[in-house]
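Peer 1: Structure incoming, see below.
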Amino acid sequence: MLKTGILNPQINSLLSRVRHTNTLVIADRGFPFWPQIETIDLSLVDDIPTVLNVLHAIAANFVIGKAWMAIEFRKEVSPTILNAYTAILPSIEFETHIEFKRRVPSAIGLIRTADTIPYSNVILESA
């Protein structure tokens, strides 16, 4: 039985299948459903958990090479929130939300959170 780290068996299974240069999406509560992508829904109530909660949980054992976010995110959030993301994500490329969504179908999976911050979605590329 796992005693520390990520305890959710579906997330552990998904993370173990992400290989070098594969991508993983961590999304807010309003992110569209993508039928062709395995989706794990963690939403409980507003902001439990958030995208940042999930990033913190997986960062200990997931080697993040690159990350993509929508440029609209930077316009919506305070510098404090942006700094919280950049502290976890070594290299964020910002692009339009439409360009961001074009990357989604090639992801290994999607983890949906209850985050209420608009455009807080992130695509992680495994290093």
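Readers should treat all values here as calculations from the given coordinates under stated rules, not as data from a laboratory. Just so you know, these numbers come straight off a predicted model, no measurement behind them. FYI the Cβ positions are ideal-geometry reconstructions off the backbone, even for glycines, and counts take in every protein chain you see.
Peer 1: Among the residues of segment 1-46, how many are surrounded by fewer than 17 Cβ atoms within 10 Å (Cβ to Cβ), touching a residue at least 24 places away in the same chain (Cβ under 8 Å) and either among the charged types (D, E, K, R) or under 15 Å from Ser126 (Cβ atoms) (or both)?
Peer 2: Qualifying residue count for the region: 8.
Peer 1: Just one of Ile108, Ile81 is under 17 Å from Glu38 (Cα atoms) and either surrounded by fewer than 18 Cβ atoms within 10 Å (Cβ to Cβ) or among the hydroxyl-bearing types (Ser, Thr, Tyr) (or both); which is it?
Peer 2: None of the others qualify; the one that does is Ile108.
Peer 1: Which fully enclosed strands (runs of 3 or more DSSP E) of segment 22-127 have 3 or more residues being in contact with a Lys or Arg (Cβ under 9 Å, 6 or more places away or on another chain)?
Peer 2: Of the strands (runs of 3 or more DSSP E) lying wholly inside segment 22-127, those with at least 3 residues that are in contact with a Lys or Arg (Cβ under 9 Å, 6 or more places away or on another chain) span 23-27, 38-41, 92-95, 122-126.
Table: residues versus (1) under 12 Å from the mean Cα position of the chain (by Cα); (2) in contact (Cβ under 8 Å) with a residue 60 or more places away in the chain; (3) farther than 21 Å from Thr21 by Cα.
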{"position": "Glu93", "(1), (2), (3)": "no, no, no"}
{"position": "Arg102", "(1), (2), (3)": "no, no, no"}
{"position": "Ile117", "(1), (2), (3)": "no, yes, yes"}
{"position": "Asn121", "(1), (2), (3)": "yes, yes, no"}
{"position": "Ala127", "(1), (2), (3)": "no, yes, no"}
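Peer 1: Residues to consider are Thr50, Thr80, Thr86; find the one that is within 12 Å of Asn121 (Cα to Cα) and of a type in the set (S, T, N, Q).
Peer 2: Criteria check complete, one pass: Thr50.
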